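Any read-out appearing in this document is the output of simple, stated calculations on the displayed coordinates, not a laboratory observation. Being a predicted model, the structure only gives us computed values, none of them experimental. Positions of Cβ are generated from backbone atoms using ideal geometry, with glycine treated the same way; all protein chains shown enter the neighbour counts.
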Amino acid sequence: MLDPSPLCSSPVLAYLAASDNRITDASTLSRCPALNELWLSGNQVTDISPLLEVPTLISVGLSGTAPTVDRGVEELRESGVYVGGLTSGRS
């Protein structure tokens with residue numbers, strides 16, 4: 001699994017394409033202070049609620065993620081973050 005921790009130490013990281021990296025936990029990504037866009041397609045993340053802690057986040061791509069990624073989706077949308085790429089009426 002990719003450990004995105006070193007990437008998140010950058011105070012200017014605004015865009016991260018981390019598709020197909022066997023990421024299962026979004027909590028490390030919540031420590032990216034300047035992140036605007038995040039692509040997690042093809043990973044097995046089941047809970048994206050830690051991303052609520054990223055005040056600059058505007059878009060998350062989740063196509064091909066675990067079918068149980070529902071945790072955190074509605075909360076992110078309510079906070080104004082675009083969450084795309086989900087199937088079964090969740091996109």
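Per-structure values
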{"quantity": "Selected residue (criterion: farthest from G85 (Cα to Cα)) from residues of region 22-73 that are over 10 Å from the mean Cα position of the chain (by Cα) and among the charged types (D, E, K, R)", "calculated": "R31"}
{"quantity": "Selection count, region 66-80, where residues are touching a Ser or Thr at 6+ places or on another chain (Cβ under 7 Å) and within 25 Å of S9 (Cβ to Cβ)", "calculated": "1"}
{"quantity": "Region 1-21: number of residues that are under 13 Å from the mean Cα position of the chain (by Cα), outside any loop (DSSP other than H, G, I, E, B) and more than 21 Å from R77 (Cα to Cα)", "calculated": "1"}
{"quantity": "Positions within region 46-69 being part of a loop (DSSP other than H, G, I, E, B) and surrounded by fewer than 15 Cβ atoms within 10 Å (Cβ to Cβ), in sequence order", "calculated": "P55, T56, I58, S63, A66, P67, T68"}
{"quantity": "Residue match in region 28-35 (condition: of a type in the set (K, R) and either assigned to a loop (DSSP other than H, G, I, E, B) or farther than 20 Å from D3 by Cβ (or both))", "calculated": "no"}
{"quantity": "Any chance G84 is over 17 Å from D25 (Cα atoms), more than 10 Å from the chain's Cα centre (by Cα), of a type in the set (G, A, S) and surrounded by fewer than 20 Cβ atoms within 10 Å (Cβ to Cβ)", "calculated": "yes"}
